[in-house]
Structures are given as structure tokens and as C-alpha cells.
């Protein structure tokens with residue numbers, strides 16, 4: 001099976017799980033219909049589902065099956081989806097379209113979008129704590145609640161979004177350094193990739209040193225994914241990428257490419273890729289899917 | 001010790017715990033300063049701290065000490081504080097002042113307030129899952145993660161806020177019934193009171209039937225608290241209440257008082273109080289603080 005086919009198949013399974021959950025007995029009738037509709041709009045809008053894919057594939061490397069990984073994968077995707085709903089708001093990135101569809105605030109309104117994001121974030125922790133998932137022990141699930149909270153909150157993704165908006169809205173710092181942008185991206189994008197790889201290893205039979213290696217692999221994969229995204233914005237053609245390109249430059253946004261130049265940025269991406277590969281060199285052939293995921297993140301054209 | 005003194009002393013302990021946590025090693029330097037400042041502004045703005053008080057006192061009824069209850073109490077207060085930050089936003093209640101101070105969006109801006117709320121909600125689950133809290137077992141902590149998520153999310157507090165805003169912004173339903181308003185209040189206010197009483201019982205030695213009784217007591221206490229609040233809005237004098245009164249009527253907001261009339265609403269409050277007392281009749285003198293809390297909620301003048 002090609003990597004793209006595998007990714008698409010997993011995405012299908014994850015979407016089926018998310019759709020079931022949002023339509024399920026525990027939600028329907030109990031969540032006000034307007035809110036439930038906005039939550040579905042946010043979650044069922046497509047996407048590569050690469051974060052939950054990583055949870056499931058990382059777990060598989062360490063012998064845990066997809067059923068055990070699925071609730072964790074879904075929880076992570078819910079956090080990612082909530083973050084997009086809030087990021088798109090008029091007071092943040094003010095985006096009216098995402099993947100060709102109206103964003104939640106555009107399809108509904110601002111207050112509904114804020115509440116839908118809040119409800120999705122909260123639901124992520126409910127899913128993670130689900131007592132019906134008996135494959136993972138309560139102690140490990142509780143650890144993952146703590147890890148997901150750290151990855152998503154003020155020291156993680158939300159902190160990264162704050163630093164990003166301070167630059168956009170307040171012009172702070174006046175001249176962002178490479179270090180500043182790398183910290184921002186490590187928080188905003190890296191923290192969830194890191195969690196995905198750590199969580200997969202944690203529910204499998206990974207040793208402590210393997211868990212650490214997977215954590216560092218996840219961080220580097222996140223950095224590669226983000227830098228490739230920035231390169232796409234500069235190099236891609238809008239038709240292939242499926243969204244407006246050249247957006248960062250037009251917005252005067254500081255990126256690594258702006259600071260390093262295109263050639264050096266490409267070289268930096270190759271360095272990050274090599275460093276990520278080195279982290280999981282000890283895992284042998286069973287980690288090949290993770291290597292293909294890295295390759296996909298680096299080489300993708302959309 | 002009078003009840004008011006006990007409430008104030010507990011509030012002091014809870015605020016010290018929250019201040020320590022927000023200033024602590026795990027947060028400082030790692031959370032961007034703007035975000036950390038907005039989070040402190042939201043949490044350290046005073047208030048009766050009645051929800052965390054209820055967690056601690058419910059735990060005490062069943063023999064669990066304040067140290068065991070404190071992380072759960074703090075997590076619940078973080079959820080309450082985040083909900084106020086988001087409720088105050090221009091696209092929701094558009095409130096510029098809370099307890100005489102600028103609301104978070106007014107002191108900072110909208111995007112900072114949205115992110116601060118997101119970070120506080122996320123932090124609540126991190127605090128609840130804290131591995132350093134070894135008094136409560138991982139299995140019980142995990143249960144409480146699930147219960148707090150249910151109480152706070154689309155089937156709980158956020159769902160209630162959605163129903164409330166549908167009435168305010170969209171005029172739906174055109175003629176709210178008593179049943180509609182009671183459902184709204186059970187979700188928006190009742191769910192967190194319910195969680196407070198259940199969580200306290202759960203970490204103590206409460207039997208299953210005592211846990212159920214405490215859950216129902218919490219629901220009724222929440223309903224009494226909300227109805228007393230509505231009565232204060234109609235009957236209170238602004239100087240005593242410390243905020244504008246008559247606000248609901250001026251906003252054309254449907255309340256139980258509007259539907260029932262003042263006399264019948266007072267009688268309804270007395271009924272709820274009696275029903276709440278009946279739920280914990282079997283707990284004897286050790287539950288006297290809970291009875292005083294109910295009396296305080298019903299009789300308060302601000």
C-alpha cells in the first residue's frame with residue numbers, strides 16, 4: 001500500500017469515529033442543536049488528519065493496536081479542530097474560508113464559534129477519560145490527560161498562538177529572531193505533533209528511552225511540517241496548494257524563509273529531516289511508516 | 001465560626017493556591033507573559049469562590065481533607081473563571097466591567113481574552129490530572145476528568161450558555177417556557193454545582209447512594225443559587241448587590257420571575273430549598289455546613 005493510500009484509509013477510519021461520536025447517543029439531544037451543528041461543521045470539514053494518524057502509527061510501532069489508540073487519536077484531532085475554529089475568528093486571523101468552506105463563525109456567528117471551540121476542547125478530555133476504553137489503564141490515560149493539557153495550553157499550542165498574534169497585531173517583537181520564530185512554531189505546531197508520537201509510544205510497549213526518542217522525533221517532525229508549509233506558501237502554486245499562496249509575505253509576516261532566504265530555508269528543512277530520522281534510527285524497520293510520514297511532511301506539494 | 005467567616009477563610013486558601021499555581025515554576029517563563037497576565041487577571045478578580053468551597057466542604061462531610069480536595073476545587077474554579085472571560089466577550093454578553101474591574105477583553109483585547117479562556121480551561125484538566133496529587137487514586141482522578149468535562153461542555157455549562165444566547169441574540173424560542181428556562185439554568189449554573197458536590201463525595205468515603213444524593217443536592221443548590229440571583233436582580237438595591245440591578249428586565253430577558261411573578265418565584269425558591277434539604281437529610285449533623293451553604297445561597301443579599 002502506498003503511503004498516501006494508508007494515510008487516506010486511516011483518515012477515513014478517524015472520520016467515521018469522529019462522526020459516530022458527534023452523532024452518538026451521548027451527544028444527540030443533550031447538546032443544543034445549534035452547538036452540535038457548529039461542532040460537526042468544525043470537525044467534519046476534511047483535512048489530512050495527520051495528527052491522529054501519527055498517534056495510531058506510533059502506537060503500532062510499539063505493538064498497540066488501532067482500537068487502543070483511537071480514542072487518543074480522536075481527542076487530539078478535536079483539540080486541533082477547536083484551535084482552527086478559534087484561530088479563524090475575526091479578532092484573530094479573520095479567515096472566512098477554510099478548505100473552500102465557510103469557517104464556523106462565518107457559517108454561524110462569532111459567539112457560536114467560540115462556544116463550539118470551547119465544547120470541542122472540553123470533549124477532547126471527556127473522550128480521553130472515557131471509561132469504556134479499557135485497553136489503556138486509568139493511570140496511563142490520566143498521564144495522557146496531563147500531557148495533552150500541557151501540549152495544548154498556555155505552555156503549548158495556545159501559548160504559540162499568543163506569540164504569533166502578538167507579532168501580527170502588536171508588532172512585537174519589532175524584529176523577530178530565528179530563535180523567536182522557532183519557539184513560536186515549536187509551541188503552536190510542534191507541541192501537538194510531539195504529543196501524538198509520545199502518546200502512541202506510551203500506550204505501546206516502548207521503553208522510557210524509546211518514549212524520549214519518539215518525543216524528540218515528534219518535535220522535529222512538527223518543525224519540518226511547519227517549515228514545509230512556509231515553503232509551500234512561497235513556492236507553491238495556488239491551484240496545487242488549494243489555498244491562497246504568498247499570504248505570509250503579503251501579510252508582512254516574519255517567517256524562517258524571510259529571515260534565512262529560500263536556499264538556506266530549504267537546507268534547514270533537510271537538516272531537520274536528517275535529525276528527525278536520527279532520533280528513530282534505533283527502531284529499525286518497524287518505524288518505516290514514521291519515516292514515510294516525515295518524508296511526506298517534507299516533500300508534500302499541498 | 002460563622003458561615004460567612006468560614007466561606008471567607010476557605011476563599012483565602014483557594015486564592016492562595018490559585019495564585020501559587022499561576023505564578024509557579026511550571027507556568028512562569030513558559031507561558032507568554034501577555035497570556036499569563038490575562039490568566040491572572042481573570043482568576044484573581046475576587047468572588048465568593050463558592051464552587052471550590054463546595055468541593056472542599058462536600059469532601060469534608062465524607063472524611064476527605066482539604067489537601068485532597070484542593071486540586072479538584074482549583075480545577076473547578078478555573079473552569080468557572082474561563083467561562084466568565086468568554087461570557088463577557090463583545091460577541092456574547094459584551095460586558096466591560098466585572099466586580100468593578102475591567103473584564104479581560106477590555107483590559108487586554110478580544111483575542112487575548114479568548115486565548116486566556118482557552119488556556120484556563122486547558123489548565124483545569126492539567127491540575128486535575130496532576131501526578132503530584134497522590135491522595136486521590138488515578139482511577140478516581142480520571143473519573144473526575146470525565147465528570148468535569150461533561151459538566152463543562154456541550155451537554156453542560158457551554159450548552160447552557162448556547163441556549164441562553166440563542167434567546168438573547170436570535171429570540172429563540174419566541175416564548176420560553178418555565179421548563180425551557182429551568183433546563184438552561186440546570187446546564188449553565190447547575191452542572192458545575194452538581195460536579196462540586198459529587199466530586200467531594202467521590203474522593204471521600206461516600207457510598208454510591210450518598211454520591212447520588214449529593215449529586216441531586218448539588219443540582220438543587222445550583223437551581224436555588226440561580227433563582228436567588230434572579231430575585232436579587234429584581235429586588236436588590238444596586239448599592240448592596242454591587243452591580244446594576246434590573247438588568248434582566250431592561251434586557252427583556254425571560255426569567256422564572258417574569259413567567260411566574262414575584263410571589264410565586266419566592267415560593268418556588270422555598271420549594272427548591274426544602275427539596276435540597278431532603279436530599280441530604282440522611283447525612284445528619286456532619287452535613288450542617290452544606291445546609292448553611294444552601295441557606296446562604298437562598299438568603300443572600302448580594
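Just so you know, all these numbers are worked out from the coordinates, no wet-lab data involved. Nothing here was measured: the structure is a model prediction, and the numbers come from that model. Here Cβ is always computed from backbone atoms with ideal geometry, including for glycine, and neighbour counts include all displayed protein chains.
Any number yet on Rg/Rh for region B:87-143, C-alpha, Kirkwood? Intermediate results must be reported in sequence, preceding the final value.
Details: Rg = 16.0 Å, Rh = 13.3 Å.
Radius of gyration over Kirkwood radius for region B:87-143 works out to 1.20.
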field: Where labels lie 7 Å past Cα in the beta-carbon direction, separation of residue B:5 and residue B:281 in nm
entry: 3.2 nm
statement: Across A:179, A:49, A:268, the residue with the highest GNM fluctuation in chain A (Cα network, 10 Å cutoff) is A:179
query: Could you give the nm distance between label points at residue B:263 and residue B:168, where each point is 7 Å from its Cα heading toward the beta carbon?
result: 3.3 nm
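Rounded to the nearest 0.05, what FRET efficiency do residue A:205 and residue A:19 have when you use their Cβ-Cβ distance and R0 = 41 Å? Display every interim value, and only then the final one.
Details: r = 31 Å, r/R0 = 0.76.
Efficiency at R0 = 41 Å is approximately 0.85.
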query: Over region A:181-300, with a single point scatterer placed on each C-alpha, what log10 of the ratio I(q)/I(0) does the Debye formula yield at q = 0.12 1/Å?
result: -0.46
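Test of understanding: ordering B:214, A:1, A:74 by Cβ neighbours within 10 Å, fewest first, what list do you get?
Listing B:214, A:1, A:74 from fewest to most nearby Cβ atoms yields A:1, A:74, B:214.
Roughly how crowded by other chains is peptide A:129-136, in terms of the mean Cβ count from those chains within 10 Å of each of its Cβ atoms?
On the way: counts 13, 4, 4, 0, 0, 0, 0, 0.
Mean inter-chain Cβ contacts per residue within 10 Å come to 3.
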- request: With springs connecting C-alpha atoms under 10 Å apart, model chain B as a Gaussian network and identify which of B:159, B:261, B:190 has the largest mean-square fluctuation.
  value: B:261
statement: The orientation-averaged projected area of the Cα convex hull of region B:114-202, in nm², is 6.8 nm²
message: With n ≥ 4 as the cut-off for DSSP H runs, can you work out [θ] at 222 nm for chain B, using -39500 (n - 2.57) per run divided by the number of residues, rounded to the nearest 500?
response: -22000 deg cm²/dmol
field: Over 32 Å [Cα-Cα, the protein assembly as shown], rounded percent
entry: 47 percent
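How large is the Kirkwood hydrodynamic radius of region A:1-130, counting all unique pairs of alpha carbons, in Å?
On the way: mean 1/r = 0.0661 Å⁻¹.
Over region A:1-130, the inverse of the mean reciprocal pair distance is 15.1 Å.
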field: Convex hull of Cα atoms in region A:3-299, direction-averaged projection (nm²)
entry: 14.7 nm²
field: Residue mean of other protein chain beta carbons inside 10 Å, A:281-292
entry: 0
message: Compute a Gaussian network model of chain B, connecting alpha carbons closer than 10 Å, and tell me which residue from B:69, B:275, B:116 fluctuates the most.
response: B:275
statement: The distance between the Cα centres of region A:275-302 and region B:140-156, in whole Å, is 37 Å
- prompt: residue B:175 to residue A:299: FRET efficiency via 1/(1 + (r/R0)^6), r the Cβ-Cβ distance, R0 60 Å, to the nearest 0.05?
  reply: 0.50
For region A:59-173, alpha-carbon Rg over 2.2 N^0.38 Å: 1.23
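What ranking do A:103, A:215 get, fewest neighbouring Cβ atoms within 10 angstrom at the top?
On the way: A:103 24, A:215 20.
So the residues, fewest neighbours to most, are A:215, A:103.
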- request: Order by neighbour count: B:105, A:111, fewest other Cβ atoms within 10 Å first, most last.
  value: A:111, B:105
Span from the region B:169-194 Cα centroid across to the region B:30-78 one, whole angstrom: 26 Å
